[in-house]
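S.K.: This structure is in structure tokens; I'll ask about it shortly.
The values are calculated or read from the model by the stated rules, or taken from the named source; none is laboratory data. Note that the structure is a prediction, hence the values are computed from the model and not measured. Cβ placement follows ideal geometry from the backbone for every residue including glycine, while neighbour counts extend to all protein chains displayed. Side chains included, ligands, DNA and RNA excluded: accessible areas come from the protein's heavy atoms. Shrake-Rupley method; radii C 1.70, N 1.55, O 1.52, S 1.80 Å.
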Amino acid sequence: MAFTSGNAAVDRYIAEGYGTVRGMSSAFAATICGHVIRRQSELGIRGHIAEIGTFEGRFFIAMALGMAADEHALGIDTFTWPNAGLLDLFHSHCARLGLARERYSAIKANIRDLSPKDIHDALGGPVRFWHIDGDHSREALLADLDLAEATLHPRGMICLDDMMHPGYPLLIVAVHAWMERHPDWRVLCVIDREDIVAAGKFLICHKDVVPLFEQDLMDAFKQQHWVLGSEWERYFCVVLTPHPRIAEVD
């Protein structure tokens, strides 16, 4: 890719190791999220990193390599699919790709069995960046969003996977319902998918956080910025896509 997150460890992993870990999150999205995590650090937003649906750790490692020295990453998964060896494989990927064991924890559990207190106890403080890639149902996503919001830093960010994916069309319904119940929240950015496998993501946050990142994203990823934006009735948000273009109509 002709653009980077600006964090050397994250960019090196995305360039050299990302494709060696099985998963479906795109390198495009990982780069943008790595940039957001770096900007959080620059703005003094301190906290931890957490993920629901860690699988082999592809996206998890990209996020965790962007942490500050005193921060910790938490990966949550049942770690049972496709087989019982998944947790060991996850740990081996982290070790092979430069994420030290003391920098992260893994909880092998059903996310529904965990409370905000469990997350806080595991990390010792708020989460500044959540990645949600759990069960792809409306009910599960709504519950995941509630858990993430309850444990989030006031200026934190939630990244939602598989948004507007043809295979999971009702996830967006859950997002809309949740945000209608939380009117002070906004979609900051739509990160377009690379293909049918590497699906798109949404970055969402409190409306007061949007100005800290909106212009920065448009400037940092100028060549990937789809300038028409994404309309959410009451506001527009940034759209970043690998190949921004407008249809030519004769």
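S.K.: Please list, or write none, the aspartates and glutamates whose alpha carbon is within less than 16 Å of the alpha carbon of Lys207, excluding same-chain residues fewer than 8 places away.
M.R.: Of all the aspartates and glutamates, those that pass the test against Lys207 - Cα under 16 Å, at least 8 places apart if same chain - are Glu149, Glu180, Asp184, Asp216, Glu231, Glu233.
S.K.: Quick one: helix 86-96 against the long Cα principal axis of the chain, what's the angle to the nearest 10°, folded into 0 to 90?
M.R.: In the chain, helix 86-96 runs at an angle near 80 degrees to the longest axis.
S.K.: Let me ask something else about it. Place +1 on the Cβ of every Lys and Arg and -1 on the Cβ of every Asp and Glu in the chain, take the dipole about the Cα centre, and give the residue among Leu160, Trp185, Leu123 whose Cα lies farthest towards its positive end.
M.R.: Farthest towards the positive end: Leu123.
S.K.: Only one of the listed values, (1) 56, 40, 37; (2) 58, 38, 33; (3) 56, 44, 29, was derived from the coordinates as Cα extents along the principal axes in Å; which label is it?
M.R.: (1)
S.K.: Would you list, by chain and number, the lysines whose Cα falls below 22 Å from the Cα of Lys108, excluding same-chain residues fewer than 8 positions away?
M.R.: Candidates past the 8-residue exclusion: Lys117.
S.K.: Accessible area of the chain with a 1.4 Å probe: how many percent of it is carbon plus sulfur?
M.R.: Ligands and nucleic acids excluded, carbon and sulfur reach 53 percent.
S.K.: Quick one: putting +1 on the C-beta of Lys and Arg, -1 on the C-beta of Asp and Glu, what dipole do you get for the stretch 16-174 around its Cα centre, in Debye to the nearest 20? Provide the component values of the computation, followed by the final result.
M.R.: Working: 14 positive and 20 negative charges, 77 e Å.
In debye, rounded to 20, the stretch 16-174 gives about 380.
S.K.: Tally Lys/Arg at +1 and Asp/Glu at -1 over every other residue whose Cβ is under 11 Å from the Cβ of Arg193; what's the total? Spell out each step's value before the answer.
M.R.: Numbers: positive: Lys201; negative: Asp161, Asp162, Asp192, Glu194, Asp195.
Once positives and negatives cancel, what remains is -4.
S.K.: Same structure again: Using a Gaussian network model on the chain with a 10 Å cutoff between Cα atoms, which of Phe221, Phe28, Phe60 fluctuates the most?
M.R.: Taking springs between Cα atoms under 10 Å, the residue moving most is Phe221.
S.K.: Okay, next question. Of Asn83, Gly6, Ala69, whose Cα points farthest to the positive end of the dipole of the chain (charges on the beta-carbon: +1 Lys, Arg; -1 Asp, Glu; origin at the Cα centre)?
M.R.: Checking the options against the dipole of the chain, the answer is Ala69.
S.K.: Report, to the nearest 10°, how far helix 210-220 tilts away from the longest principal axis of the Cα atoms in the chain, using its own Cα long axis and a range of 0 to 90°.
M.R.: The answer is roughly 80 degrees.
S.K.: What value, in deg cm²/dmol to 500, does the helix sum -39500 (n - 2.57) over DSSP H runs of n ≥ 4 give at 222 nm once divided by the residues of the chain? Show your work: numbers first, answer last.
M.R.: On the way: 8 runs with 86 residues, N = 250.
So the calculated ellipticity at 222 nm is -10500 deg cm²/dmol.
S.K.: Let me ask another. What accessible area per residue comes out for the chain, rounded to a whole number of Å², with a 1.4 Å probe?
M.R.: Values: 11440 Å² over 250 residues.
Accessible area per residue: 46 Å².
S.K.: Please check: in the Gaussian network model of the chain (C-alpha springs, under 10 Å), which one of Val127, Val238, Val227 has the largest mean-square fluctuation.
M.R.: Val227
S.K.: Let me ask you something else. Mind telling me which of Met67, Met163, Met179 comes out most flexible in a GNM of the chain, alpha-carbon contacts under 10 Å?
M.R.: It is Met179.
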